[in-house]
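The values are calculated or read from the model by the stated rules, or taken from the named source; none is laboratory data. It should be emphasised that the depicted structure is a prediction, and the values quoted were computed from it without experimental measurement. Here the Cβ positions follow ideal geometry from the backbone for every residue, glycine too, while neighbour counts run over all protein chains shown. Remember, those area values only see protein heavy atoms, side chains included, never the ligands or the DNA or RNA. Shrake-Rupley method; radii C 1.70, N 1.55, O 1.52, S 1.80 Å.
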Amino acid sequence: MTDIAYHPTRLRAMRDQFRALRAAEFPWTADTVYLNNASIGPIPERTRRVLDEFTAKRTAPHLLPDRELQAGLQAARTAVARLLNAEPAEIALATNTSYGLNLAARALPLTRGDVVLVSDREFPANVYPWLLLKKQGIEVELAPCAAEGWPDEDYLVERLHDPRVRVLAVSFVQFANGYRADLGRLGAACRANGTFLVVDGIQRRELISALEPAVTGWMAFEGTDDFSRLTEYNPTFRADARRFEMVTLPFQDFHGMTTSVGMLAELGVDDIARYARTLHEPLLRWAGENGIRVVSPSDEAHRSAIVCLAPAHPPEAYHALKRAHVVCSLREGAIRLAPHCYNTVEEMERVLDVLDQVDPL
């Protein structure tokens, strides 16, 4: 995310835009304060309609010819590529992050004695795939986090000077505190030392041809687009990222994802991020006034849309919020609040009203 200083007039215009979006795309927010976007994001109304239309066709499969299904997957790759400033050929569609991380762990050319570097408070999906490699003689180093509980980037960069460190696996945003990694710095250090950087997947085009998936789908190979010649069994992997796709993919899910990603692009990712962070302001001000520890970083370089508060009794505070129809998460001893474009300042104030009633804070 680019750090941009917005003029107050621009911020007001953004708020008005997002309020209109909230009413049109997320009408259920009238009854529930949803601050759990870091766990499961809601489906906009426009996406629900697209999914309903697709499902209606899916009940009669002859209405969805193969060319239309494959075109839908390509549209999803294109939408994601635009979002990431990548090329469609660099995008492999996966059913979840865990699959992508397992794919990376098994496809990277690692040998006995190589070291995989992971912070010791990473989300489990980015740890277990690497731990399984220990059976092959790969060493997994759980690097100690800094005192604040965030990845110690200075330590990680220093460790990259060790030629045995072949992989640095990080989350862009830490699940338990919202710390946003400096991928520019870590990426530059990895390139300088010839280390693979894994961030919820691999996004460096030059690596595609060098990596072979340990498990494969039948359309990962050249020539399989021609359904009339499937038994020729060409052993050559595709030259693009489709070599990593495990078909058959859930067509309807990616059909809907294309619509949702289109909405994000329409709104502007930087604007969404900036708006979400402005929603933190009353929370941070309240925490400072009441001596409540904020687990999340405060510096602009590492802030994300997540803010985590650690009151004296987090479970009691969490359940009080739940009773008040505020959906959030309890993670590692803190209340995790993850707003998005459909949330409002008034909802943040509602959260504070609930927390003020929890005795003692």
Exercise for the section: Tell me, please, whether a residue that is in contact with an Asp or Glu (Cβ under 7 Å, 6 or more places away or on another chain) and free of Cβ contacts under 8 Å to residues at least 24 places away in the same chain can be found in region 238-250. Expected result: yes
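Hey, among the residues in region 212-240 that are assigned to a loop (DSSP other than H, G, I, E, B) and buried (at least 16 other Cβ atoms within 10 Å of the Cβ), which one's farthest from the chain's Cα centre (by Cα)?
Of everything passing the filter in region 212-240, Thr224 is farthest from the chain's Cα centre (by Cα).
In region 1-14, which residue that is part of a loop (DSSP other than H, G, I, E, B) and surrounded by 12 or more Cβ atoms within 10 Å (Cβ to Cβ) is modelled with the highest pLDDT?
Of the residues in region 1-14, the ones part of a loop (DSSP other than H, G, I, E, B) are 1-7.
Among the residues that remain, those that are also surrounded by 12 or more Cβ atoms within 10 Å (Cβ to Cβ) are: 1, 6.
On the way: Met1: 48, Tyr6: 66.
Top of the filtered list is Tyr6.
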Practice task
Exactly one condition in (1) free of Cβ contacts under 8 Å to residues at least 60 places away in the same chain; (2) within 30 Å of Val307 (Cα to Cα); (3) over 20 Å from the mean Cα position of the chain (by Cα) is not met by Asp31; state its number.
Solution key: (1)
Practice task
Could you tell me whether any residue of region 48-57 is under 20 Å from Ala239 (Cα atoms) and open to solvent by 70 Å² or more (accessible area, probe 1.4 Å)?
Solution key: no
Handout entry: Residue under evaluation Leu197, criteria (1) in a strand (DSSP E or B); (2) open to solvent by 70 Å² or more (accessible area, probe 1.4 Å), criterion not met
Key = (2)
Fill in the blank from the handout: Per the filter on region 93-108, residues open to solvent by 70 Å² or more (accessible area, probe 1.4 Å) and over 17 Å from the mean Cα position of the chain (by Cα) are Arg106
Exercise for the section: Considering only region 241-267, state which residues are open to solvent by 30 Å² or more (accessible area, probe 1.4 Å), touching a Lys or Arg at 6+ places or on another chain (Cβ under 9 Å) and closer than 20 Å to Asn102 by Cβ. Expected result: Arg242
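Would you pick out the residues in region 15-41 that are acidic (Asp, Glu) and buried (at least 19 other Cβ atoms within 10 Å of the Cβ)? Give the derivation first.
Just the residues of region 15-41 that are acidic (Asp, Glu), to begin with: 16, 25, 31.
Result: Glu25, single match.
Which residue out of Ser209, Ser171 is of a type in the set (Ser, Thr, Tyr) and assigned to a helix (DSSP H, G or I)?
Details: Ser171 fails: assigned to a helix (DSSP H, G or I).
Criteria check complete, one pass: Ser209.
Looking at Leu156, Leu131, which one is buried (at least 19 other Cβ atoms within 10 Å of the Cβ) and either out of contact with any Lys or Arg (no Cβ under 8 Å at 6 or more places or on another chain) or in a helix (DSSP H, G or I) (or both)?
Exactly one of Leu156, Leu131 is buried (at least 19 other Cβ atoms within 10 Å of the Cβ) and either out of contact with any Lys or Arg (no Cβ under 8 Å at 6 or more places or on another chain) or in a helix (DSSP H, G or I) (or both), namely Leu156.
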Fill in the blank from the handout: Restricting region 288-315 to residues that are out of contact with any Pro (no Cβ under 9 Å at 6 or more places or on another chain) and either part of a helix (DSSP H, G or I) or aromatic (Phe, Trp, Tyr) (or both), the one surrounded by the most Cβ atoms within 10 Å (Cβ to Cβ) turns out to be Pro314
